[in-house]
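Throughout, read-outs are computed from the coordinates displayed, never taken from laboratory work. From a predicted model like this one, the values you see are computed outputs, not experimental measurements. As a convention, Cβ positions derive from the backbone with ideal geometry for all residues, glycine included, and neighbour counts pool all protein chains shown.
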């Protein structure tokens with residue numbers, strides 16, 4: 001499977017769902033490792049959300 005921006009965003013959504021809905025089962029060391037390895041994806045995702053919200057609130 002090719003790791004494209006779309007597949008990374010799908011993985012991000014899955015990660016978010018686990019954090020939100022199954023947080024009691026989350027290993028904090030795994031979360032830290034994911035954040036360190038994929039911080040650019042988190043920043044991109046955050047910027048996309050901010051841009052969308054700014055556009056829709058005008």
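A few comments on the model shown:
- Model label points for residue 56 and residue 14, set 7 angstrom from Cα along the Cα-to-Cβ axis, are 2.5 nm apart.
- Taking Cα atoms only, the orientation of helix 5-21 departs from the longest principal axis of the chain by about 60 degrees.
- Among the listed options [x] 10.1, 26; [y] 13.2, 40; [z] 16.5, 53, the one matching Rg and Dmax of the Cα atoms in Å as calculated from these coordinates is [y].
- The angle separating the long axis of helix 39-56 from the principal Cα axis of greatest extent in the chain is about 30 degrees.
- GNM top mover of 18, 39, 30 - the chain, alpha-carbon springs below 10 Å: 30
- Fully extending the segment from residue 6 to residue 22, taken as 0.36 nm per residue of separation minus the present Cα-Cα distance, adds 3.4 nm.
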